[in-house]
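Inspection log for the structure reproduced underneath, given as structure tokens.
The numbers here are math on the coordinates, done by the rules we state, and not lab data. Computed from a prediction, not measured in an experiment: that's the story for all the values here. Here the Cβ positions follow ideal geometry from the backbone for every residue, glycine too, while neighbour counts run over all protein chains shown.
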Amino acid sequence: MRKRLLAATLQSLAEDGYTGATLSAIVRRAGVSRGAQVHHYPNKQALMLDAAEDLLRRTYRTLGELLLSIADESDRLQALVDILWEQLFAIPLYRAYMELQIESQRDALLRQALTTLLARQVNVFETAIDHYFEPAPGANPNIHPMFLQLIMMLSGLAGHAHLLPEPDSVRSLLHQWVRQSGAHMRARKGVRKPPPRPENWAAQQP
């Protein structure tokens, strides 16, 4: 039931925008009763935020699985960038998260909730980065800002990719980031297990 509500919420946000993604439209799309929706989520904001976190949880699992499948560590940085773009930022469902970002500029409560969610997501992502990557010899030991730069770039590209004149513009920009960043970091050798699953996510699986 909850899983259906979350999927319907993300689809509604992506296709109809924040205003069009009403509770009645989401309930209808999910094929559940209004009582079931109220039982799981007392209001629209609670449903929207859990849907956004569910999307990012699933992406985190996918990232870990795909990174571990890459046998050659020298390809892992490029693979991470490609996966982030293809599995999160370039998919239609990312528009759902973008709709929440835009609405949060007007809604103070939503802005506060998304700020908290983003801080948790950054913490989880940085844990994974430390698990898979390390600074290159002689480089700044703190590589986190470079990955934050990557996320901000991907977010911007997600909103502008359809306006770029050349189809390969995004790929070119991503490859350039990898070339520049490769001088400052490298994949850790011998990583064959995923990082620990975040405790606050484990109990929230649909």
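Descriptive notes on the structure:
- Degrees between helix 2-20 axis and first principal axis of the chain (Cα, 0 to 90, nearest 10): 90
- Assuming charge only on the beta carbon of Lys and Arg (+1) and of Asp and Glu (-1), the dipole of region 55-119 about its Cα centre is about 360 debye to the nearest 20.
- 0 to 90° range, to nearest 10: angle between helix 108-132 axis and the chain longest Cα axis: 30
- Net charge, Phe89 excluded, C-beta distance under 12 Å - Lys, Arg +1, Asp, Glu -1: -1
- Cα centroid of region 15-68 to Cα centroid of region 104-151, whole Å: 23
- Anchor Lys193: aspartates and glutamates whose Cα lies under 12 Å away (excluding residues fewer than 8 positions away in-chain): Glu65
- Estimated Rh, the chain: Kirkwood, alpha-carbon pairs, angstrom: 18.4
- Note, ³J(HN,Hα) from phi for region 35-46, Karplus 6.51, -1.76, 1.60, rounded to Hz, x at Gly and Pro: x, 5, 5, 5, 4, 8, 9, x, 8, 5, 4, 4
- Taking 18 Å as the straight-line reach from the Cα of Lys44, the lysines in range (excluding those fewer than 8 positions away in the same chain) are Lys3.
- Where only DSSP H runs of four or more residues are counted, the chain gives -21500 deg cm²/dmol as its mean residue ellipticity at 222 nm, each run worth -39500 (n - 2.57).
- Across region 98-206, the mean sequence separation of Cα contacts (distance under 8 Å, 6 or more residues apart), normalised by length, yields a relative contact order of 35 percent.
- Built amide H within the under 5 Å cut-off of Phe133, gap 5+: Arg188
- Positive-pole candidate from Leu118, Ala136, Ala108, dipole of region 82-159, charges at beta carbon: Ala108
- 3J(HN,Hα) from dihedral phi, region 172-188, Karplus parametrisation 6.51/-1.76/1.60, rounded to Hz, x for glycine, proline: 4, 5, 5, 5, 5, 4, 5, 4, 5, 6, x, 7, 10, 8, 8, 6, 5
- A cut-off of 5 Å between modelled amide H atoms, ignoring neighbours fewer than 5 places along the same chain, links Met185 with Ala136.
- Region 37-98: Rg to Rh, with Rh as the Kirkwood radius over Cα pairs: 1.14
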